[in-house]
Each structure stands twice: as C-alpha cells, then as structure tokens.
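For reference, the structure is listed below as structure tokens.
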Amino acid sequence: MQLYIIKHKMRKMKDLNVIFITLDGLRQDRLNLMPNLSSISEKGLFFSNMISVSPYTFTSIPSIFCGIYPSLNGIDSYYSMFRFKKNKCKTLSQYFKDAGYYTFADVLNDCILPNIGFDEMKLHTMEDDLIVLHKKILSGIPKNKKFFLYLHYTTIHDEYIKLAKKYNDFDENYFNSYEENKKFYDSCVKQTDKYVKEIVDYIKELGLFENTFIVFHSDHGTSNGEKAGEKLYGCFTYDYSLKVFSTFLIPGQEGKKINFQCRTIDIMPTILDIMEINPDERFEKLQGKSLLSFVRGEENEDRIVFVETGGLGGPWPSPRKHNVFCVRYKNKKLIYNATPKTFEFYDLEKDSEENFNLIETNNASLVEIIQEYKKILFEKIKENKINLSENEKI
C-alpha cells in the first residue's frame, strides 16, 4: 500500500475500525483551552485551518458526511433538513456499510444527518451525560466485526443554547455581555476537553486504540456576541462560526500539523482515501478533495472555501433558502448578503475580527482584488446550482 508520512510499514487501513466524533459548536480559536485535545492532535494529522462550508449543524454535518455542498446535496436551508438527496449523494455510513462494517450513530436528534447506512441510530437528550453514554456505547459495540461509530458530542451546543434562548438576535443585554458569554462558553469548552480525554482513555482501556482510526472535528463555531444580529450561528458567515478544525488519529501514523486552509467537505474524501475506499461513481461526484495531498507535500496552497447559509433569525432570515454566501481565500473574505444585496470585504490578516468592511474602498488595486473575489463567488453560486431570485441578483 502507499505510505503517507510514516517511515515504517502500517497494517492495511481497511482493517481498522473507525470512530468519528463531532464536537458540536467548538470554535477553532478556543483549542488553546483544550490541552487534552491539543496533545492528541500533536500525534495525529491536525488540520488547524479548516473552514465550515455552512455554519449550522443541520447543513454542516450532512455535507461532511457526503463531501458535497449543501445546495447540491439537497439540504440548503433549515426547512429542507429532511430533503437530503439519498439517490444522488452517498454518505460515509453507506460506504462503510457496503464495506462490511457494523455502523452505529448517536446523535442529538434525527435531523442531524440522514439515517441511511446505519445498522443502528440512537438519539440522546440535552440532559444525558455523554461521557457515560458514549462509554456505554463503546463497550457495547460487537467485537466480532469491524465497526464505524459516529458520536455527536453536544455539550457546548446544549449548555450555550440554554444561555442564549433567554435573548433574541438583537437583545442589547446579550451583546453587551460579551465577556460573561465568553466565560460561560469557555467553561463548556473545558468540559469538552474532559470528554475527549475520557473517551480516548476508554478506547485504550477497551483495547481498541491500536486498531482504530479516530477522527475529532468541529462542525461550526459559535458566537459569543461579537456581531449584533447573530447570538449563536447560522445567520452570518463571520469567522467565529466558520473556523473549525479536524484531527485524524491513525495507528502507526506520525503526527503532522497542516496550516493551509481547507474545507469541512474535505473530511469525507480524506477518510475514504485513508481507508482505501474508492468513491462510488454511481453517485454525485465528490466536491471535497482528500487532504492527504497536503500531508505528502504535493499541495501547498490554501484551498478556496465557499460558504452558504440562511438563518432562522437575524436581520434577514431565510429558513427556506440560503441567502448569505461568502468566499474565503488567502486571508481575505468576500461576503454577499443576497436579501439586502450588500457586499462585505475583509482583510483577515489585518482585521481578524472583521470590523472594517473595505467594500467601498478607493484603492485601485484593492478594487481589482474585490472584483476577482466577486467573480469566484458567483462562479461558486453557479457551480452549486443556487438560483438567486430577481431581487437577489446583482
């Protein structure tokens, strides 16, 4: 088999179990509060500059599971969460089911991802102790068959929802309490780090660690009150809800950190690549691309990321069709808010908090760059077959 960065021979990847864990709502800029996850990431393939292609769970996770943007996989809004194109988009669970794996998922509710390809799918509640529950699930996995296990860890989401539901998207009391919100969010992050340690330690205790490929990732980030109009996520495309990460912990594989920008839709094809599973040509072609080209040194440039969303709330809600889009590339970002037909442009290297919209610049060279980003943005909108209404077109 082909080696990646290791210097000694590995067992065949297709003989490994797979545990895929979503740390829901975890911001990339809070990983410094997670020593256990950081230690694990140092031992794995750590993609530190990953961007979510849609900043809310109902669209983010299905797109991760099929490697295809929301508007092409059918889930292009909150209200289309059950419209996944099962006949056109093949999911990770289906790939592993077809490969002879026992497949199991634990999720917060049945809107999170399509229930296809799973032998079992269980639902937990916001009151469950997920350390206890997920340990119980791990101990109950059949021992006579390879398995693919998906675990949805939702404590950040669950606890922060309880805080935020007291307010609306424009409540000054919430946005004036940024430091308190941040402190509470950070306490949830620290609980998440405890979960990571407990689960990895338990995988080792069960004797599974040496023959199991483990993935930790985040589906989107969460606002702490940075921008009025978005108390959580899904309304806007600012970095606090877009910047995430993924870590691939592979037996026998040396650790490596990749800082180039990549996309959450790249996770699924990377897992297939590592596990030596070929994409099924009977289904829609994957838009995501394996990340192993970065690991092997064959790719050394940021990937263009296209993002789409449409909030339940916020200043221009659109739960029936995405109406906020952005392109993020080379530390710059162009946002298009289709409903009010407004653009925003940010130089993220100089303005990481996205406070200074440069769209009205008189700088000739910057105007040229903005035009280039507009061209990329509308090419992506066309590529994903997104139909803008007459009122949304420029």
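The values are calculated or read from the model by the stated rules, or taken from the named source; none is laboratory data. Just so it is clear, the model here is predicted, and its values are computed rather than measured. Note that we place each Cβ from the backbone using ideal geometry, even for glycine, and neighbour counts take in every protein chain shown. With ligands, DNA and RNA removed, areas are computed over all heavy atoms of the protein, side chains included. Shrake-Rupley method; radii C 1.70, N 1.55, O 1.52, S 1.80 Å.
In terms of solvent-accessible area of protein heavy atoms at a 1.4 angstrom probe, what is the ranking of Asp24, Asp110, highest value first?
Numbers: Asp24 5, Asp110 90 Å².
Ranking Asp24, Asp110 by accessible area, largest first, yields Asp110, Asp24.
Amide H of Ala105: which non-local residues (sequence gap of 5 or more, or other chain) have their own amide H closer than 5 Å, using H built in the peptide plane?
Those qualifying (amide H under 5 Å, at least 5 residues apart or on another chain) are Glu120, Met121, Lys122, Tyr150.
Once R0 is set to 25 Å, what does the formula 1/(1 + (r/R0)^6) return for the Cβ-Cβ distance between Asp15 and Asp201, expressed as a FRET efficiency to the nearest 0.05? Show your work: numbers first, answer last.
On the way: r = 23 Å, r/R0 = 0.94.
Efficiency, rounded to the nearest 0.05: 0.60.
Every cysteine in the chain with no other Cys Cβ under 4.7 Å from its Cβ, please list them in numeric order.
Cysteines of the chain left without a disulfide-compatible partner: Cys111, Cys188, Cys235, Cys262, Cys326.
Between Rg and the Kirkwood Rh of the stretch 190-326, both from Cα atoms, what is the Rg to Rh ratio? Could the numbers behind the result be given before it?
Numbers: Rg = 18.0 Å, Rh = 17.6 Å.
Expressed as Rg/Rh, it is 1.02.
Please give the net charge around Ile61, taking every other residue with its beta carbon less than 11 angstrom from that of Ile61, where Lys and Arg add +1 and Asp and Glu add -1.
On the way: positive: none; negative: Asp24, Asp219.
Here the count lands on -2.
Using the reciprocal of the averaged 1/r over all distinct C-alpha pairs, how large is the Kirkwood radius of the stretch 272-394 in Å? Don't skip to the answer; put the middle values down first.
Details: mean 1/r = 0.0598 Å⁻¹.
Across the stretch 272-394, the inverse of the average 1/r is 16.7 Å.
May I ask for the Rg/Rh ratio of the stretch 86-162, computed from Cα atoms with Rh as the Kirkwood radius, given to two decimals? Please list the in-between numbers first.
Working: Rg = 13.5 Å, Rh = 13.4 Å.
A ratio of 1.00.
Please report the base-10 log of the normalised intensity I(q)/I(0) for the stretch 45-113, using a Debye sum with one equal scatterer per alpha carbon and no solvent, at each q in 0.14, 0.15, 0.27, 0.29 (1/Å).
With one equal scatterer per Cα and no solvent, log10 I(q)/I(0) is -0.46, -0.52, -1.23, -1.29.
Please give the net charge around Glu42, taking every other residue with its beta carbon less than 15 angstrom from that of Glu42, where Lys and Arg add +1 and Asp and Glu add -1. Kindly include the intermediate steps, with their values, before the conclusion.
On the way: positive: Lys43, Lys197, Lys256, Lys257; negative: Asp193, Glu254.
Surrounding charge for Glu42 is +2.
Tell me which trypsin sites (Lys or Arg not before Pro) from the stretch 122-186 have a DSSP coil assignment and no more than 16 other beta carbons within 10 Å of their own. Walk me through the intermediate numbers first.
Numbers: sites: Lys122, Lys135, Lys136, Lys143, Lys145, Lys146, Lys162, Lys165, Lys166, Lys182, Lys183; in loops: Lys143, Lys145, Lys146, Lys165, Lys166.
Listed in order of number, the matching sites are Lys143, Lys145, Lys165, Lys166.
Grab the DSSP H runs of the chain that are 4 residues or longer, score each as -39,500 (n - 2.57), total them, divide by all residues and round the 222 nm result to the nearest 500 deg cm²/dmol. Let's see the in-between values first.
Working: 12 runs with 118 residues, N = 394.
After summing the helix terms and dividing by the residues of the chain, the value is -8500 deg cm²/dmol.
At a threshold of 8 angstrom on Cα-Cα distance, excluding pairs fewer than six apart, so keeping six or more, what relative contact order does the stretch 261-394 reach in percent?
16 percent
On C-alpha positions alone, give me the angle between the axis of helix 364-383 and the longest principal axis of the chain, in degrees, nearest 10.
50 degrees
What residue among Cys326, Trp316, Ile277 has its Cα farthest toward the positive end of the dipole of the stretch 262-394, where the charges are +1 on Lys, Arg and -1 on Asp, Glu, each on the Cβ?
Going by the Cα projections, it comes out as Trp316.
Hey, got the dipole for the stretch 175-311? About the Cα centre, +1 on K and R Cβ, -1 on D and E Cβ, debye to the nearest 20?
On the way: 17 positive and 24 negative charges, 60 e Å.
My answer is approximately 300 debye.
I need the peptides 193-205, 273-285, 222-234, 253-265 ranked by packing, meaning the mean over residues of other C-beta atoms within 10 angstrom, with the highest value on top.
Working: 193-205: 17.2, 273-285: 14.7, 222-234: 23.1, 253-265: 19.2.
Packing proxy ranking, top to bottom: 222-234, 253-265, 193-205, 273-285.
Mind putting a number on the dipole of the chain about its Cα centre? Charges go on the C-beta only, +1 for Lys and Arg and -1 for Asp and Glu, and I need it in Debye to the nearest 20. Numbers along the way, then the final one.
Numbers: 54 positive and 55 negative charges, 240 e Å.
It works out to roughly 1160 debye.
Charges on Cβ only, +1 for Lys and Arg, -1 for Asp and Glu, centred on the Cα centroid of the chain; of Leu291, His217, Gly25, which one is farthest towards the dipole's positive end?
Checked the options; the winner is Leu291.
Mind listing the long-range amide H neighbours of Gly44? Cut-off is under 5 Å, sequence gap 5 or more, other chains count too, H placed in the peptide plane at 1.01 Å from N.
Amide H neighbours of Gly44: Lys256.
Explain nothing, just compute: Karplus ³J(HN,Hα) = 6.51 cos²θ - 1.76 cosθ + 1.60, θ = phi - 60°, for every residue of the stretch 242-252 in order, whole Hz, x for Gly and Pro.
Calculated HN-Hα couplings, in order: 9, 7, 10, 6, 8, 10, 10, 9, 10, x, x Hz.
Rounded to the nearest 20 Debye, what is the dipole magnitude of the stretch 39-118 about its Cα centre when Lys and Arg each give +1 and Asp and Glu each give -1 at the C-beta?
Details: 7 positive and 5 negative charges, 59 e Å.
With Lys and Arg at +1 and Asp and Glu at -1, about 280 debye.
Taking only C-alpha pairs under 8 Å that are 6+ residues apart, what is the relative contact order of the stretch 47-196 in percent?
Values: 159 pairs, mean separation 25.9, N = 150.
That works out to 17 percent.
What residue among Leu138, Leu16, Ala228 has its Cα farthest toward the positive end of the dipole of the chain, where the charges are +1 on Lys, Arg and -1 on Asp, Glu, each on the Cβ?
It is Leu16, whose Cα lies furthest towards the positive end.
Would you list Ile304, Ile75 from the most to the least accessible area, probe 1.4 Å?
Descending order: Ile304, Ile75.
Is the C-alpha gyration tensor of the stretch 12-169 telling us rounded, prolate or oblate? Criteria: a/c under 1.5 is rounded; beyond that, a/b larger than b/c is prolate, otherwise oblate.
On the way: a/c = 1.39, a/b = 1.12, b/c = 1.24.
Taking the square roots of the gyration eigenvalues as a ≥ b ≥ c, the stretch 12-169 is rounded.
Rg to Rh ratio, the chain, alpha-carbon atoms and Kirkwood radius?
Numbers: Rg = 20.4 Å, Rh = 21.4 Å.
Looking at the chain, the ratio lands at 0.95.
Which whole-number percent is the relative contact order of the stretch 24-128 (Cα, under 8 Å, 6+ apart)? Spell out each step's value before the answer.
Details: 109 pairs, mean separation 19.4, N = 105.
It comes to 19 percent, rounded to a whole number.
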